[in-house]
Every structure is written in C-alpha cells, then in structure tokens.
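For reference, the structure is listed below as structure tokens.
The values are calculated or read from the model by the stated rules, or taken from the named source; none is laboratory data. Just so it is clear, the model here is predicted, and its values are computed rather than measured. Glycine gets a Cβ as well: all are built from the backbone with ideal geometry, and neighbour counts include every protein chain shown.
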Amino acid sequence: MKHHDGEPRPAPGPLRYAQCWEDADVLLEALDVQPGDVCLSIASAGDNSLALLTRNPSRVVALDRSEEQLHCLALRIAAYRHLEHAQLLELVGSRPSARRRSLFERCRPDLTAAAAGFWEQRWADVERWGIGGVGRFEAYLRLFRRWLLPCIHGSATVQALLRAGTAESRWRFYAQRWNTRRWRWLIRMFFSRSMMQRLGRDPAFFRYMDGDLAGHVEARIAHALQDLDPAENPYLHWILTGRHGEVLPLALRPQHFDTIRANLDRLELRCQSLEDFAGGGDRVDACNLSNVFEYMSAADHEYTYGRLLACTRPGARLAYWNMLVPREAPASLRGRIEPIAPGTSARLHAQARAFFYSRFVVEVVR
C-alpha cells in the first residue's frame, strides 16, 4: 500500500505490540474527554482505547491498519465481559497464572475465527507470559530482561530500584548503584538503532528518524529512574520483572474495571487507515493518535493531518507522541488549531511513566 505521496506504508504483519506503551493517565488528562464525546483512538493492543471508556464517551472508534492489533483488543473486550478482575490480570500477564487456557476458553465464544486462530498460533507464548507479552516489542524487552540485565544488576538490585523512596534516595541509588559503566554500555548497545530495528520495532519506524536513538533512550531511562518513582511505574515493572504485579496501567486498575465493562458496547473496532476514517463522515471530539505521524513523510503528515481536521468538531483535542521524528501541526494548518494551555504538554510529558518518547503534543481544533 502507498502513502499519499507515493512512498510505501508499513504493512501489517507480525504483532508489533501486545500492550500499549503510552501512559493512559497522561493521555486522559490531555484529551479531557467529557461524557457523550466521540473519540478516535489508534488501537495498538487496545489498553488505551479501553481506558477512554472510563470517561463515559458515547463512542470510541478504535482504529488500526493491522488486524493482528485488533485481535489483541478483541480478546481484551471478551475478557472484560467474561472474567473477573483478578482473572483478567492473569490472562494479560500482570500476575502469574497456571490457568490461562481455561480463562481463554471462557472468552473464545466472543472471538471471530480469525481472532481465535491468531491466539491459538501464539498459545505457548501466552501460557508463559500472558497475552500482554507476545508482541515483537515485548519479546525485545524480554531479551533485555532475561539475558542482558542480569549481567549488570542482580535481582536484589532490581528489587531495590522498584521499592518506594524519596527523590533524594532515588538520585543517590541511581548514581551509586545503578548507573555503572557497564549499564551505560548495555543501554548504548541494546537500544542502538541497528539493534532495535533488527529485533524491536518495525523498520518503517526508522524511515524518517534522525538523531542518537541510544542516547535518547539512555536519557529517558535516567529520567524514569530518578525524576519519576519506579515503585509507581507499571511500564518499568513490566520491563524489569515481566509483569505488573500490584502496579497497574489505568485500564487494568480495579477501580475502573466495572466502568469499562459497562461501556464495552460503546467501543467500535475498525481495520482502517486514518485517511479513510476521516473521509467516512464521522465527527469526533478527541483523538488518541499514538505516534502515528512518525511513520509518515512530512508531506503525508500534512495530508493526513488536514483530513483529520475535517472530521473533528471545534474544541476537539488531538494528542500524539514524538520520539526522534519531530511532528506537530503542519505550518499550512496551524491557523486551524491552537496549542493547549502554555506548559501543559511539557508538564504531561514530564510525568509520563511510559518514558521512551521525547515529546508529547496536545493541540485544540479552533
């Protein structure tokens, strides 16, 4: 398939992400969804589309060009319908479990044949890691956790990092115990562009990327381990331990379970491009766009952004992430949007516990 400007678009294929690696708490504050709003959400694995249901919108259209990503969301929807909260956590992989097969069978009647077959093909991995552990990116992080991290830090040091402490104690621990020369070498090697392109992320992600990827990741990890509290970071818990334990992303927290379950009928799954959605007549109040613009050329970004503006209502908010591809409202369209209150995007980015991105952009449609 081609971009608007004729360049190849990343094709659907093996599952990229089995969970969302963008902080839903930050996303929901940015979008400020009100009861009755219509939301557009890049589906990915579905966690953040489900999180939007906690704000009682009238509809959430979860969009993805990858059927595999939508199969992830479909199973989550079935799990919210048919399982209790603790069982959902077992199936996802947040907690250990010896009964994921029986939990899956309770969800199977809600799945299409294609979705059920997708999960059957990955069942050995689901048994070991849960449905949140079977994506390409999660396998990359697992390689880091199982084979490389133990060469630098033992389990006692990892557990010490994840214990609650003061800001002063975190900075001291990082400087004295964690940030060794071997640790810095490991980060530079493992999160290099060549390694991540080979094992971690779709090569199309790097088409428009410029800059020092490993250096960026090193700085963002330092921020997550010092400025933020590792004890309260579900994404860091998964990276370092392979599960969330008691520290959960928003959509998996017990206080939101009943609300999400009650609102599942408001969630609509579509295997569709942003451009096709924008031309379909829907009008939306909030857009969770993940980091979709980083996969586009500047020309294609301008085209897609303009199409999106045509399907948003005045006052609608657009939220999206940058890593090393700078994207914001194109110059030709800036008269049709306004930034959110000064400093808000930077503040939200600074508190995001899913820490890989360099920038969080929130814009409001005039």
_Total residues in segment 324-343, condition at pLDDT 90 or above and either assigned to a helix (DSSP H, G or I) or surrounded by 16 or more Cβ atoms within 10 Å (Cβ to Cβ) (or both)_ = 12
*Identify, please: which residue in segment 148-162 is under 26 Å from CYS20 (Cβ atoms) and at pLDDT 95 or above and is, among those, surrounded by the fewest Cβ atoms within 10 Å (Cβ to Cβ)?*
GLN159
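Can you name every one of the helices (runs of 4 or more DSSP H) wholly within segment 182-264 that holds 3 or more residues which are modelled with pLDDT of 85 or more? Before the answer, list the steps.
On the way: elements: 193-199, 213-226, 234-241, 254-262.
Helices (runs of 4 or more DSSP H) meeting the threshold: 213-226, 234-241, 254-262.
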*asked:* What's the number of the only condition in (1) crowded, with 17+ Cβ neighbours inside 10 Å; (2) of a type outside the set (Ser, Thr, Tyr); (3) within 17 Å of PRO330 (Cα to Cα) that ALA251 fails to meet?
replied: (3)
*Which of the residues that make up segment 293-303 are buried (at least 21 other Cβ atoms within 10 Å of the Cβ) and either at pLDDT 95 or above or touching a strand residue (DSSP E or B) at 6+ places or on another chain (Cβ under 8 Å) (or both)?*
PHE293, GLU294, HIS301
_Any hit, segment 110-121, residues being surrounded by 11 or more Cβ atoms within 10 Å (Cβ to Cβ), assigned to a helix (DSSP H, G or I) and of a type in the set (Ser, Thr, Tyr)_ = no
*Kindly provide the set of residues from segment 122-147 that are loosely packed, with under 14 Cβ neighbours inside 10 Å and either closer than 25 Å to ALA354 by Cβ or at pLDDT below 95 (or both), ordered by number.*
ARG128, ARG146, TRP147
*Residues (of a type in the set (S, T, N, Q) and closer than 17 Å to ALA316 by Cβ) located in segment 285-304*: ASN288, SER290, THR304
